[in-house]
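All remarks here apply to the structure that follows.
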Amino acid sequence: MALGEKYKLSGKKIIEAYAAAYEVGYKLLYSLGNIQLGGGYHATSLLGTICAAAESAKLLELDITKTRMALGIAASLSSGLLQSFGTHAKPFQVGRAAESGLLSALLAE
């Protein structure tokens, strides 16, 4: 949403980028198996960073090389633990995922 507002992008473009990010997240979640319960990771925070990078890369119209760079940076920045559930750290993890994904795409740009 921040990029859409900053660059005055159409709703259609924002929804297309969101759909691409959703697909990335869905494929990652199901390819990794049960990382949330089995590994103790908060999947939204862990994969949300990569999804936000994918969405941001699409909105910024990055080429394939820069998109790969953004996803790699995002993977390095992603984190989130189930131990934070029930604390103020849980929503912080989700917000940080969005921030880190956007930063990843901007750095790759």
Problem - For the chain: accessible area per residue (Å², 1.4 Å) - result: 62
Problem - Quarter of Cα convex hull surface for the chain, i.e. mean projection, nm² - result: 6.7
Completion exercise
Out of Ala75, Thr44, Ala54 - ranked by how far each Cα lies towards the positive end of the dipole of the stretch 23-80, with unit charges on the beta-carbon of charged residues - the top one is Ala75
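For the chain, with only Lys/Arg (+1) and Asp/Glu (-1) charged at the beta-carbon, what is the dipole magnitude about the Cα centre, in debye rounded to 20?
Here the size comes out at about 80 debye.
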Practice task
Enumerate the residues in the stretch 82-109 having an amide nitrogen under 18 Å from the point lying 7 Å beyond the Cα of Thr65 toward its Cβ.
Solution key: 105-109
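Please report Rg over Rh for the stretch 1-65, where both radii come from the alpha carbon positions and Rh follows the Kirkwood definition. Don't skip to the end; give the middle numbers.
On the way: Rg = 13.4 Å, Rh = 12.6 Å.
Here Rg/Rh amounts to 1.06.
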Problem - Nearby lysines by direct alpha-carbon distance to Lys13 (threshold 18 angstrom, same-chain neighbours under 8 apart not counted) - result: Lys58
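Percent of accessible area on the chain owned by carbon and sulfur, 1.4 Å probe? Please report the intermediate quantities before stating the final value.
Values: 4190 of 6780 Å².
Exposed carbon and sulfur together represent 62 percent of the surface.
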Problem - Local net charge near Leu3, Cβ-Cβ under 15 Å (Lys/Arg +1, Asp/Glu -1) - result: 0
Exercise for the section: Compute log10 of I(q)/I(0) for the stretch 51-107 with the Debye formula, placing one identical point scatterer on every Cα and leaving out solvent, at q = 0.21 Å⁻¹, to two decimals. Expected result: -0.69
Problem - Calculated [θ] (222 nm, deg cm²/dmol) that DSSP helices of n ≥ 4 give over the chain, each run adding -39,500 (n - 2.57) - result: -24500 deg cm²/dmol
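The values are calculated or read from the model by the stated rules, or taken from the named source; none is laboratory data. Keep in mind it's a predicted model, so treat the numbers as computed, not measured. Note that we place each Cβ from the backbone using ideal geometry, even for glycine, and neighbour counts take in every protein chain shown. Areas reflect the complete protein model, heavy atoms only, side chains present, ligands, DNA and RNA absent. Shrake-Rupley method; radii C 1.70, N 1.55, O 1.52, S 1.80 Å.
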